[in-house]
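Student: This is the structure, below, for whatever I ask next.
Laboratory data are not the source of any read-out in this text; all were calculated from the coordinates shown. Just so it is clear, the model here is predicted, and its values are computed rather than measured. Cβ sites come from the backbone with ideal geometry, for glycine too, and all protein chains shown count toward neighbours.
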Amino acid sequence: MHFKLLIVFVEDAKTDDVLRAAREAGATGCTVVSNARGEGIDEHRSFFGLTLTTQRDVILLLVEEHLSREILEHIGVIGEFDEKPGTGLAIQIDVEDAVGALSQVERLVDIVEEQL
């Protein structure tokens, strides 16, 4: 079984919605790194020297490659990444090898076979 790593940068207010969307689309688990900071095309506004930014979370999802595109697209729709600039960004990276994912593989075998 081959995997993809989805890396999602999202406003912390939308994290729970994105996690729910990922599960609905077939993700079996994730890791959330809280309180990240990011900057897009426009610089953040400041007020008396304090930068005004919303907190971001980074969500890491190890997903089966045949499910990855559907999960990625569903996350983007629910997170409104294309509709509202600055709400989030999701990317996928090929995973060459992984250990510790045996429980995911056991759950995913039947699901992936049905789709193929």
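Student: Among 15, 28, what is the fewest-to-most ranking by other Cβ atoms within 10 Å?
Tutor: By the 10 Å Cβ count, ascending, the order reads 28, 15.
Student: Also, I was wondering about something else. Take 95, 109, 18 and order them by how many other Cβ atoms sit within 10 Å, fewest up front.
Tutor: Ordered from fewest to most neighbouring Cβ atoms within 10 Å, 95, 109, 18 come out as 109, 95, 18.
Student: Compute the label zone of residue 105 within the range 59-75: residues whose backbone N is under 16 Å from the point 7 Å along Cα-to-Cβ.
Tutor: In the range 59-75, the label zone of residue 105 (backbone N under 16 Å from the point 7 Å along Cα→Cβ) covers 62-66.
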